[in-house]
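What follows is a single structure, written as structure tokens, with notes after it.
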Amino acid sequence: MQHEASQCAEMIKEANAIALLSGAGMSTNAGIPDFRGPQGLYKKAGIPDPDRIFDIEYFYRDPSLFYSFHRELLKALDAAKPTFAHFFFAALEKKGKLLGIVTQNIDALHQRAGSRKVYEIHGGIWESHCTKCGKAFDYETSKRMTFEEEIPRCDNCGGVIKPDIVFFGGMDAVAGPMLRQMKQLGINAKFMGGDGICSGELPKLAAGTMADGQVVFLPPATFGSMIFARAAHDAGKVVQ
């Protein structure tokens, strides 16, 4: 692992336009349990049909199912703290070396660590909005309301409040602009790193836009000749 860590450190030192792809590994290292495991959040919330949790049509019919899960997620987040890796990338942004973070995580740990340029491809919980009038609610306010009310409602119009998580059947408004921002980030970046647990097309879409530069995923992912270095180690440990 020492060789890979030294290699990454040298590339980060030399680069002035870095992008990070952040996946599930960043969250599990912070102590957030997975959703589907035997001790996962779905089990703790007592939800027999978890596929409905992020179904936007079902949410509009019965938001209580989502909020039974969301309370368990918020409890897990209260116990979790941003890791060294989260703070490290926030520091890179403050130094002007990191252009931004593209994440599929919805836990807002990057924001809690101080990162500002965070592009949440699956949305997130850092902000919530009323589904009726569009009023915005910050994280602390929506969190308080979630535990005070079975279904949080807007104090302006009485509409149901929904965190800015991308639901199935309601992706276009968030995902379209986010994809454009993500691709632009890839175009501008000269060095891109990821934790290797970024699912689906996320790494291909971002890294595939790079005109030139280097890509590193930890642990290894397979993206052909774009990969400059592979390391079969935990990304957080390599960073630290």
Specify whether the C-alpha gyration tensor of the range 99-160 places it in the rounded, prolate or oblate class, a ≥ b ≥ c being the square roots of the eigenvalues: rounded for a/c under 1.5, otherwise prolate if a/b is larger than b/c and oblate if not.
-> prolate
Sorted by Cβ density within 10 Å, fewest first, the residues Glu93, Glu10, Glu127 | Glu10, Glu127, Glu93
Order of Phe87, Phe69, Phe168 - criterion: other Cβ atoms within 10 Å of each residue's Cβ, fewest first | Phe168, Phe87, Phe69
Relative to the present Cα-Cα distance, how much length would full extension add between Ser6 and Ala79 at 0.36 nm per residue of separation?
-> 23.1 nm
Shape of the range 3-92, Cα gyration tensor, a/c cut at 1.5 = prolate
Global geometry of the range 20-66, whether rounded, prolate or oblate, following the gyration tensor of its Cα atoms and the 1.5 cut on a/c | oblate
Hydrodynamic radius of the range 1-152 per Kirkwood, over alpha carbon pairs, in Å | 17.1 Å
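Each reported figure results from applying straightforward, stated rules to the coordinates on display, with no laboratory input. Keep in mind that what you see is a predicted model, and the values were worked out from it rather than measured. Counting neighbours? That spans all protein chains shown, and the Cβs are built from the backbone with ideal geometry, glycine included.
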